[in-house]
């Protein structure tokens, strides 16, 4: 191998390593970011364009994502669903580019998830006329 070929080969290996590290760090960061207890503060959307809050419904809601892949939904401190979840990236109804989604066993649709602000979680139902649920840590 000549020097030019060795440089190209070395550069390619380093570039591949950096891309791999960036992807795995991003996935790990998203997984760690969703872990915890999230308290509901607003739901909006649906065919009627509703807006619900704890003040308008008289309810408290929360969702708890655990590191072991378990998720629990609560309404007024009573469990409404305990299931398993997985994180992925896939095409959605709002984007042709893959977006981060959370799949909850027992729910027929996936949630598109994002973190619009520090310590805020948005779960958007990946269905037409779906709801957007907003939570804070």
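The values are calculated or read from the model by the stated rules, or taken from the named source; none is laboratory data. Note that the structure is a prediction, hence the values are computed from the model and not measured. Cβ placement follows ideal geometry from the backbone for every residue including glycine, while neighbour counts extend to all protein chains displayed.
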Taking residue 96 as meeting all but one of (1) assigned to a strand (DSSP E or B); (2) modelled with pLDDT of 95 or more, write down the number of the exception.
-> (2)
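Of 84, 72, 56, 37, which residue is over 23 Å from residue 117 (Cα atoms) and in a strand (DSSP E or B)? Write out each step before concluding.
Details: 72 fails: over 23 Å from residue 117 (Cα atoms); 56 fails: in a strand (DSSP E or B); 37 fails: over 23 Å from residue 117 (Cα atoms).
Just a single option satisfies the conditions, and that option is 84.
Here is a yes/no grid of residues against (1) without any contact (Cβ under 8 Å) to a residue 24 or more places away in the chain; (2) surrounded by 16 or more Cβ atoms within 10 Å (Cβ to Cβ):
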site: 101; (1), (2): no, yes
site: 104; (1), (2): no, yes
site: 108; (1), (2): yes, no
site: 113; (1), (2): no, yes
site: 116; (1), (2): yes, no
site: 122; (1), (2): yes, yes
site: 130; (1), (2): no, yes
site: 134; (1), (2): no, yes
For residue 75, state whether it is closer than 19 Å to residue 37 by Cβ and loosely packed, with under 14 Cβ neighbours inside 10 Å.
-> no
Which residues, taken from region 87-137, are under 23 Å from residue 39 (Cβ atoms) and out of contact with any strand residue (DSSP E or B) (no Cβ under 9 Å at 6 or more places or on another chain)?
-> 118
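Select, from 60, 70, 82, the only residue that is touching a helix residue (DSSP H, G or I) at 6+ places or on another chain (Cβ under 8 Å), closer than 23 Å to residue 33 by Cβ and surrounded by fewer than 16 Cβ atoms within 10 Å (Cβ to Cβ).
Values: 70 fails: touching a helix residue (DSSP H, G or I) at 6+ places or on another chain (Cβ under 8 Å); 82 fails: touching a helix residue (DSSP H, G or I) at 6+ places or on another chain (Cβ under 8 Å).
Checking each option against the conditions leaves just 60.
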